[in-house]
1. Give the residue list of trypsin sites (Lys or Arg not before Pro) in the range 243-273 that are DSSP loop and have at most 10 other beta-carbon atoms within 10 angstrom.
2. Quick check: the angle from helix 151-160's long axis to the longest principal axis of the chain, C-alpha only, nearest 10 degrees?
3. What are the GluC sites (Glu not before Pro) within the range 116-184 that DSSP puts in a loop, where the Cβ has at most 14 other Cβ atoms within 10 Å?
4. How are the alpha carbon pair distances in the chain distributed across 20 Å bins from zero to the largest one, expressed in percent?
5. Please identify every one of the GluC sites (Glu not before Pro) in the range 196-302 that sits in a loop by DSSP and has no more than 11 other beta carbons within 10 Å of its own beta carbon.
6. Could you list which residues have their amide H under 5 Å from that of Gly213, counting only those 5 or more apart in sequence or on another chain, with H placed in the peptide plane?
7. Which lysines have a Cα less than 25 Å from the Cα of Lys142, not counting those fewer than 8 places away in the same chain?
8. If you average 1/r over all unlike Cα pairs in the range 114-234 and invert the result, what Kirkwood radius do you get in angstrom?
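Please treat every number below as a calculation from the coordinates, not as lab data. None of these values were measured; they are calculated from a predicted model. We place every Cβ from the backbone using ideal geometry, glycine too, and count neighbours over all the protein chains shown.
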Amino acid sequence: MRNVVIIGSGPAGLTAAVYSARANLSPLMIEGREPGGQLTLTTLVENYPGFADGIMGPQLMEDMRKQAQRFGTEIIHGFVHKVDLKQSPFKVYYGDHVVETKTVIISTGSSAKLIGIESELRLMGHGVSTCATCDGFFFRGKKIAVVGGGDSAMEEATFLTKFATEVNLLHRSEAFRASKIMFDRAKSNPKIKMHMNTVVDEVVGSPATGVTGLKLRDVKNNNVSVLGVDGIFIAIGHNPNTEIFKGQIDLDERGYIKTQANSTRTNIPGVFACGDVQDPVFRQAVTAAGTGCMSALEAERWLEH
């Protein structure tokens, strides 16, 4: 029987582990498919407080992992494929194992939707990004592209004009899904060029050179062209990693876990959610870490009562 089981090992889960371990709760963390979460896909992180010269994403997560272990967190490399939250103690299933626990902290995060081509994965963190607020600064004075047609794509394209000399907005269809106000704001920005009926067939470049261009295809006539850019941002949305919680915990219409106001409490007493799995708005490492701290403190108080 565990006091706390933490599902997921990004900034939220690892911060929850540090706090719950320091409270002598001996937490068990099950890492998941992507140990360290989305930060392990980035290169230099410059906006996490405390690192004046920045820190590499994988290094930051490794340091947080060691910190959690130093205070007594047990970390298992495994993937949770099933949970039973209908009665206490809760049951968490991973591999061929099942563990019983008094509280659960869910920090499974969200996954950025990708185009689905090999070159975007190969160059992820080397000019391909899924987060404008994380990586926009690196493209000061450069030409870049943004893929997407919704509000998030318009917002990211507009934000990136603070740094880039030119932002090419690429959308596969003839009409944007974005709200009128977001579309008008992007359209009126002189730095943004809109390319309709356009898909990316290949990201050109290497990890050594970074992104140097994009092979584009017009979906109407299949004409192929090359656009020279220094970076590409994928802004076609995120999927919260909540598949195993469906039917057991309250989710919003997009699949994010609902938490109570000013809290990480879910609709199930003793089950808490932190980080990107319950935050479709900010999606930053520092905000995830903040809610990870909250969930550990709330789990500790819940156990005391």
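1. Lys246
2. 70
3. Of the GluC sites (Glu not before Pro), the ones in loops of the range 116-184 whose Cβ has at most 14 other Cβ atoms within 10 Å are Glu174.
4. 33, 51, 16, 0
5. Qualifying residues, ordered by number: Glu253.
6. Residues meeting the amide H criterion: Val204, Val229.
7. Correct list for Lys142: Lys113, Lys162, Lys187, Lys191, Lys193, Lys215.
8. Over the range 114-234, the inverse of the mean reciprocal pair distance is 14.1 Å.
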